[in-house]
Every structure is written in structure tokens, then in C-alpha cells.
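What follows is one structure encoded as C-alpha cells, with my remarks underneath.
The values are calculated or read from the model by the stated rules, or taken from the named source; none is laboratory data. Keep in mind that this is a model prediction, so the values were computed, not measured. All Cβ positions, even for glycine, are placed from backbone atoms using ideal geometry, and neighbour counts span all protein chains on display.
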Amino acid sequence: MDPRRTARTVSGPKVRQVGFFTPAPPERSISDPPRFQDPIQPPSPSPTQVNDHSPSGNSLSPVMIPPAHHHSDNFLRTALQVTSPTKAFSYSAKTVTIPPENEDVASSFSPGRKVFSAKSPSSFPGVKASSVPASELTTVSVVNLPPGISEKAGGASVEVQNDRPVSAKTLKEKTSKAERRALQEAQRAAKAAAKAEGTKASSAASKVVTSANTKPSKAAKSSSQKNDGSQVAASEKKGGDRAPEKDRKKDAPHPRMQYDDKSRVEKAKKRAVVKQTEARNRVELFRHLPQYEHGTQLPDLETKFFELDPMHPAVYKVGLQYLSGDIRGGNARCIAMFQAFKEAIKDYSTPPEKTLIRDLAARISSYVSFLIECRPLSISMGNAIKFLKNRIAKLPLALSESEAKSTLMLDIDRFINEKIILSEKVIVKHAVTKIQDGDVLLTYGASSVVEMILLHAHELGKHFHVVVVDSRPKLEGQLLLRRLVRKGLSCTHTHVNAVSCIMQDVTRVFLGASSVLSNGTVYSRVGTACVAMVAHAFRVPVLVCCEAYKFHERVQLDSICFNELGNPDAISKVQGREEINYLDGLVNQENLQLLNLIYDATPSDYVSMIITDYGMIPPTSVPVIVREYRRDHLWS
Amino acid sequence: MDFQVVVLAGGNSKSLTPLVSKDVPKPLLPVANHPVLYYVLHQLEESNLKDLIVVVEGEDAGLLVGAWISGTFVDRLHVEIAAVPEDIGTAGALRAISHYLTAKDILVVSGDLVSDVSPGAVAATHRRHDAVVTATLCCVPISGSSESGSSGGKDKTKKPGRYNIIGLDPRKQFLLHIATGAEIEKDTRLQKHLLHAVGQMEIRSDLMDAHMYAFKRSVLQEVLDRKDTFQSLKQDVVPYLVRSQLKSEAVLSGIRQAEEDGNEKVSFPNNQVMVSQILSNASTPSFHELYSMDADGSAQTRKTHKCCAYIASSSSYCVRLNSIQAFMDINRDVTGEADHLLSDNVIGPSPKLGTKTTVGPHCMLGEGSEMGDKCQVKRSVIGRHCRIGSHVKVVNSVVMNHVTIGDGCIIQGSVICSNVQLLERVVLKDCQVGAGFVVTAGSEYKGESLARKEK
């Protein structure tokens, strides 16, 4: 090997590798300073060297597309290694384990380096001139420089050196779980490499590395704009050199996880962004569904607001709104999600050495898994995501980044417009024909389509009466009622308990749906089945209005397998009526279990007709639509 | 996350003399041996906010603060200092740096805040509601007087002045009314139409404005531009925004409208309306939306904006250092119950203690301090490199750096600034001794503030 390494190997026995001191492969730490210049020097010694101590480097051929989770390192690294692209690949495979160090390198070499801090701040007026107009603002502290290089920076470096122990120490304590894991893996890799080669780290060199390693991502920030910084953080979270398939699994957790499977739940918890405390008293039958202590998630997610760098603000906001229940209803959630994704795509820029298709897909997956943690996806959202991913995957490779982005944004717009808005209009058009003068229409909950139907029929001058059936705890019907009454419709409001009494006056039942499954089962807001059954018993036709993008090929016979559990407190407490909260203090009792289901499944027997954008169909025809038009939905 | 952070560090505070002087501006006033600004910056750093603008009143103070930050936070934070003239108030300070603000939202934190309220939570609340302003409210600490013993008496008379009257909606999410200490003397006026829109207002006087605000930048700049007379965020800007939330002036909403239009390409103008309608129908409308719709149907004729409140949980610690009493309290709490605010250890590495000297719990001794025989230290903070003679009693006090205390002194409930010399047998009770002062031997003071004459 090269002479400088053999010179260093004398310094320590193998045992040194065991300690906590070196988070990076030791060889690298020794050759640290000279290696910075590798790309500048003729790269003759390095290829062998790289291959020697990075087994993973061998496996990656230069032409291979690097796995998704390296993107941020690469971004910085290319600044260094423009000269030899082939080398850059093998290099990248190796250096994933030690991102912090890399960034130090990057920052120290970037030509646009900013000031070094000094005692008298006024001596640097307008340092930030690039971003803000220069005047009063004075940069007094920047994030910078590994120790070795700081000496060149002049007199001020003395001061920095004094401060380093303090800052290094505090930062070390704050390494996150992911970072620790990355460290551990790096150590393991180092050990393996050392065994293979018999080289050891000199303790002095390793010290340098630890101090350099203790300030992750900060160094990067000074040299590049915020955007990169966030990506760096992303890579750090993702940590070391894991296999790409494992990474992908992490991005998109198994959609139908059984939450009574303890080990899986544990694993899922580890990668969760949102802190999830499992509720304790769960109903036995529904243990396989996720249920968390409500009220713990929101504050925790809020405090992490600034720490979730990889998350786009728009996505984050939507997640918060899902979690707090500010947005609900299948269509609204879907639209909100897509609008957030649109924002994210607009601000997206492909990191170098990545392809947009793969990186963006991974990015979207990570957003989706974040949203799932906030609230389980609805089927409509699942379909929409499938559509978007398909569009991303089908992007022609020849497209430039801006073209690809605008194509995707257009696609999203088109989806919202065609699949949601237009199909709602079509449904309205179909459904209005079923409303006649003198009808008494019953609806349950608040469905956006049904509302539009009613309003449209009213605009057409039809005379009819509306019965809005509602249920605790959400009382969404009241919101619908408010809007209907304001428009001048004549309405009756009742709760689902009284549905059997009012049903004899009703001539038609209009229901919204979260999804229609391929056996004709209508998956909708809990209580819908009850209303439909009562209507069936009274021989009142039940019309279900559902956009075709919400159809799903799954078959479901009951509402137990797939469902969502809401906040149990919502049913045990009544807002604003302290005097009837009889369950106070009983909530944590062992022998009391609260069940707040969100959805239920209405068997197709009770549904007379499904009104969708392809017309009015019997429930038995759903599989046809799913089969024939799926292509149209997903691959259009 | 598209947030910019502005730390309003202040300069020379009159309420804190003689502790604060030209050499020690308020941001650098040591609290448990760290400048008070350290707590804010540390807190922000913990939340991963590393690009800060620190606004200091006065050029000299700016230089001092800048030097300190560059020494302490080099490699950790990216800080820019802006020195603004004195006495232009918090709103004036923001106005002065207004053209540096570019992000969508601005987080404004007071530099004298010692708290563990997460800035992220405030920002998240702000974003979630798409508010114009979000104010952080925290429960007024109940302790205070009971523990600090003798100094409590003075405290009680002062405290009511610091209270705010805050009106909240039933869900405790929105600010409906905010009045600060000075205005409480007068009658409190509530707006009828606001009450009418909300239906129910909860008036609280046990909440304190922590002076951590999140503003929407465009609105903040607009207000600062249009209202030249506004001096203070707390007394002018925030109450103004809260007052006008249901009759948001055309300019404010005009901006917002323009922004929205700019964001979305108007490709399907008709559908856009439907999308926004679906979205708005999906959420529980706040009273703002209901009010704006009341006029006629769905058309939003009245412009409104939202003013949110983030109420910190009662377990979190949150105090502002704006009086000498608060200074004492914070010193006591930081070494005692709220010691998680400090990342490093409480007892310095090598204090030299004489024989039979006792140091009680909740004490902090800086490095290099020496104490003679038979001393007693209780619930006190002692800075670096102090020399304390024999038979000295220090209770409930703060002793800053490089203080020399002669034999037989008794110090209770006092603050002794840097470089003070106490000769033998001095008895101090509830006193503040300014920097560099020399107290003659055998003198006794009670409840006085001693400072060197300014030359």
C-alpha cells in the first residue's frame, strides 16, 4: 500500500479498534488530510486503496446508479470530485458510512467559503452580501472548519481551538439514534477492514476524526444554502451503508401491518417520526389495528417542527392537519395531500448523481410514510399515490428536470380536476335526475358529493326535503346542515338513533362513501351500514355516490379486518358538558375498553345503486369498472 | 421549514440597574454563570434552528454581544448581529431589520426568555392554523414569593403589574383579546362583534405572554410600515392584530390574496373554487370563517385573519428576565428545579473549600472560586474566581465573577456584580451591588442598591 499508511500502522495494537473512539474506518482517518487532495492529484494510488478497505466499493460498478439514500453526500461530494467520475462512484460507496467528515471536507474546500469568525464582528460588514443587502447585519458566528485547516485561517483560530472541546462535547451528547447507529455500523466496518488489512489507527488521528465527526451537518450548512443542509440531515437520519432494499422497505412500511404482531410494531416504532404511544385498553377484536394514545402525538410532532428537515413544510403542515383532524373527508384529504406534494415537487431539485425518477419516488414514499404516521391513509389516497408513483416511474428519461417537474405538477392538477372535481360534477348530473319534486331525501354524515347534489337540485328549483342524520362524536352532519340551511333548503336533523323512526317518511337515501370494494361492499363512515340496512328494511332505495377513483379491487366481508380506530376519548367524553362525563377516571381501568371505529362496511345487498362518474351502476358491476377502467385511472 | 428567527436581545435595561451596565449589557447578564442570551440560543440550537438574527440595542452592546457569541457559538450557530439605536422598542427594532426578513414566517424571540418551551411547537401551531400571529402563553409561575423568603414582600407588590389579560376562544386556540400590564388600569374594552362571532370568550389573567411570537412576514412588514407609531410588539402590534382579526384591513388581505393567486396557476379557474370549497368544507370552521361567511352564503366578503395562541403546558418552565426579582428567581430555579435548562454540570470543576464549609443544595460554584473556613452557602450562585473569606454566610444570593468577600460577611437575598469587593463584616440584605463597587468594612445595608457613580 502507500507509504504513508504503513508509517502510521506502527502506532497501535489491534485492540484499539474496539473502543468507541473511531466512528470511521481507521485508514481513512489516518490519511485524512492528504486524501482531500486526492481528486486533484493523479488518482493512481487510490483505486486500489479504495477497493482494499471497502468491500462495498467493489460491488458497485461505476455505471451503477447509486442507491437512493446517498443523495445528499453526493451533492456535496461532487464539488470535490469533478475530475474523476469513475473514482467518485467507488468513493461514494465507501464514504457513506462517514457523512460528517465528508461534509467538513466539502465545506473547507468550497470556494465560496465565508468568513471565519473573529473577535470584532464589525470587521466583517456585509459578509452575507450574497443573500441580503449589506449593512447593519454582521455575521459574528459561522459554522465552520475542521481543526486541521483552521490553523491556516489566521490569528483567530486560536480562539476556535479553545472553544472546540466545549462544543464538541455538547454535540456529542446529542447524537440521535440514527447517528449512533451509523456510528456503530461505521465501527463495525472499520473493524472488518482492520482485520482484513491489519492496519491500525493511530490514536492521534482517530481523535481528529472524532472531533470532526461530532459536528455533523453544521459544517455543510455554511458552505451551501439551506436546501443542501436539509438533505444532509436526511442522509444522516438514514444512516450508514444499508442495503437499498432495506431502505426502500423503510420508506414505505407494509401497508397492512398487523398491529398485534409485537415485533413488527416495535420495528415500525423505531422508524416512526411521530411518537406513537400505543393505547392500553384496546378491544380484543381490533388489536390488529393501530391505536395510539391520542393527544400525545400532536405536541410531540409539534416540538419536532424544526428537526424534520427532510420533510417539506407543506407536507408537514398537511400531516399536522390530518393528525389534529383539521382536514377530513376522503376527497379533501386527497386534494390536500396532492397539493402538498405539488409544492414539494415544485421545490424539488435532483441531487447530483441521482436520477429524478428514483430519487423523487423515494422522496414521495417518505412523505407518504410520514402521512401514514399522522393518520392511516384512506383508500382514495392510496389510489392517488399509486397514480402519482406511476406517473413518476413512467417519466421519459430524456426529460429535463424542470420539464419533468412541470409534467408531474400538471399530472397532479389533472388528477384533481378530472378524477375528483369533474367526476363529482358528473355524479351530480346523474344523481339529480333521481330527485323529484316532493321527495324526502335522507343523508348521513357529510359527504361532499351528496352536498353538491342537494345544492344543485335546489338550484334547479326542485322542491324536496332533506333529512340529515348525524352521529356522535364528530357531528359532521351539523356542518352540512349549516351550509344547506343557509342556502334555503328545508331540512330535518336527527341522530342515527332515531333513523328507524324517520325512515318511513323518506323516499330516497343518498350516501357518500370512502371506497367501494370489488364485491360491491361500500366502505364508509361508521353508521352508514346501519342507515342502509334500515332503509332496506323500509324498502327505501339507497343510492351511494362515489367517485370511481375511490374504487378498490379488494374484497372485504366485514369491517374488522381493515378499519381505523379513532380517539377513544372522543366517545367517552362530551365536549363542553362536564356534568355528563360519567366515565371520568374510568378510562384507564383494565376492564373497560373503548372502541371508536371510523369506518364500517355496508354489504352490497343493502345498496340499490352506485352513482359514479361512469354512470349509475348496480353494486355487482363494481368489479367491471375496477377491471376495465383501472388502466384509465392509473396509467392514463 | 421556511422560518426565520429573530432574537431581540435588548440592550441596557433600566429595570435591571445596577446589575446591567455599559460593560455588561442585559443579554450578557450572567444567570447561573451563563449569559442570559445563552439560554435562548441554546434552546434554539436544540430545536435545530441555526440561522439566527440577533438584534441588540446600541452599538457598544452589539459589539460585546457579538464577541461573546462568536466565542461561544462558533461552529454551532450561524448568527448575524444587528445593532439598532436604543429606545426604538421591539417593533422599531424589527422595523429596522425588516428588509432582511425574507422567509414566509418569522419567529421572534425575546433574548431574556429562559424557558424550555419548544419553538418548534409554536411554529407548528402557527403553520397549522395558517395564522397571522401566534403568541406563546405560559402559566405564571406560582412559586416565586413563597420560596425566596424575605425578598417575597417586595415581589408581591410588583407582580400584578406584570399580568396580562388574555381572552381565548373556548377551544383555547385563538387569541381574542390581549391587554398588557399598563392597560389593565383602565377599563377593559371588548369588541362586541368579536364576542358575537365567537359566542364565548374565556378571560384569563393567569397567563403570561412569553414574548415568543410567530408572525406571517408579509403581514408583519405591512403593519410595521403602515403604523409608524407602533413601538412595541407586545403593546402595539399584537393587540392591533388581535383587535382587527375580524375586520382585517384590505391591505392585509390583499397581500394574501395576491400570494395565493401567485402560487397557483389559474389553469382551471372554475375548478379551483370547487377545490377550495371542498377543502374548507372538510375542516371544522373556526369562528373566523363562520363570521366571514355570515354576510351572504358562501362568498367570503369579510376579510379575517387568525391570531393563535400556543399555551405551554404547565410543567414547562418559562420566565422572562425583566426585573431584579425575576433575575433572582431564575438563578434559583436554574440551579434547582429547572436544572435541565443547563447542559453542563452545576458545580464547577475545582472549587476550593476551606474546612467546615458547607455548600447546600441548589447551589452553583463557578470554577476557580475559593472559600475560607466555616462558610455557609445556601441556594446561591457563585461565579468564577471569587475569593470568599472565612465565616461568610451567603443565602439566596447571586455572586458574579471575580468578587472578593472579606471575612465574616453575611449576604442575604442580594446580587453582587463582578469585581465587587466586600471588606470584612459587611452585612447585606436584599441589596444589589453594582460592578466594581467597594463596600467598606463593617457596613450594613438593607434593601439598597449600591453602584459606582458613573464618571
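Would you confirm, using the coordinates I've provided, whether residue B:212 is touching a Cys at 6+ places or on another chain (Cβ under 7 Å), within 23 Å of residue B:121 (Cβ to Cβ) and not in a helix (DSSP H, G or I)? The answer is no for residue B:212.
Please enumerate the residues belonging to the range B:81-102 that are among the polar types (S, T, N, Q) and either farther than 15 Å from residue B:237 by Cα or outside the structural domain of residue B:52 (by the TED database) (or both). Scanning the range B:81-102 gives a single hit, B:102. The residue of the range B:38-51 that is farthest from residue B:331 (Cα to Cα), among those that are buried (at least 21 other Cβ atoms within 10 Å of the Cβ) and more than 9 Å from every other protein chain (Cβ to nearest Cβ), is B:41. Among the residues here, residue B:94 does not qualify as touching a strand residue (DSSP E or B) at 6+ places or on another chain (Cβ under 6 Å), in contact (Cβ under 8 Å) with a residue 60 or more places away in the chain and surrounded by 24 or more Cβ atoms within 10 Å (Cβ to Cβ). Checking the structure you have, find out if any residue of the range A:501-509 is closer than 16 Å to residue A:619 by Cα and either of a type in the set (Gly, Ala, Ser) or assigned to a strand (DSSP E or B) (or both). Yes: the range A:501-509 contains one or more residues that are closer than 16 Å to residue A:619 by Cα and either of a type in the set (Gly, Ala, Ser) or assigned to a strand (DSSP E or B) (or both). Just so you know, in the range A:368-413 the residues that are among the charged types (D, E, K, R) and over 22 Å from residue A:550 (Cβ atoms) include one that is nearest to the chain's Cα centre (by Cα), and it is A:373. Restricting A:373, A:353, A:403, A:343 to residues that are farther than 24 Å from residue A:630 by Cβ, part of a loop (DSSP other than H, G, I, E, B) and not assigned by the TED database to the domain that holds residue A:479 narrows the list to A:353. Candidates in the range B:8-24 are the residues that are buried (at least 24 other Cβ atoms within 10 Å of the Cβ) and in contact with a strand residue (DSSP E or B) (Cβ under 7 Å, 6 or more places away or on another chain); of these, the one that is nearest to residue B:217 (Cα to Cα) is B:8. Taking the range B:306-321 as the range and being within 12 Å of chain A (Cβ to nearest Cβ) and surrounded by fewer than 18 Cβ atoms within 10 Å (Cβ to Cβ) as the test, the residues that pass are B:313, B:315, B:316. Scanning the range B:383-419 for residues that are out of contact with any His (no Cβ under 9 Å at 6 or more places or on another chain) and of a type in the set (S, T, N, Q) yields a count of 6. Under the condition of being within 14 Å of chain B (Cβ to nearest Cβ), assigned to a helix (DSSP H, G or I) and without any contact (Cβ under 8 Å) to a residue 12 or more places away in the chain, the residues counted in the range A:466-500 number 3. Consider the range A:310-326 and keep the residues that are within 10 Å of chain B (Cβ to nearest Cβ) and not in a helix (DSSP H, G or I). The one that is surrounded by the fewest Cβ atoms within 10 Å (Cβ to Cβ) is A:325. Filtering the range B:200-243 down to residues that are of a type in the set (Ser, Thr, Tyr) and touching a residue at least 40 places away in the same chain (Cβ under 8 Å), which residue is nearest to residue B:7 (Cα to Cα)? Filtering first and then ranking leaves B:213.
Residue count for the range B:57-110 satisfying the condition of being closer than 16 Å to residue B:28 by Cα, more than 8 Å from chain A (Cβ to nearest Cβ) and part of a loop (DSSP other than H, G, I, E, B): 1. If you go through the range B:1-34 and keep only what is closer than 19 Å to residue B:59 by Cα and within 14 Å of chain A (Cβ to nearest Cβ), you end up with B:6, B:7, B:9, B:27, B:28. Of all the criteria given as (1) surrounded by fewer than 23 Cβ atoms within 10 Å (Cβ to Cβ); (2) within 17 Å of residue B:189 (Cα to Cα); (3) at pLDDT 85 or above, the one not satisfied by residue B:241 is (1).
The set of residues in the range B:6-22 being assigned to a strand (DSSP E or B) and either basic (Lys, Arg) or over 14 Å from the mean Cα position of the chain (by Cα) (or both) is empty.
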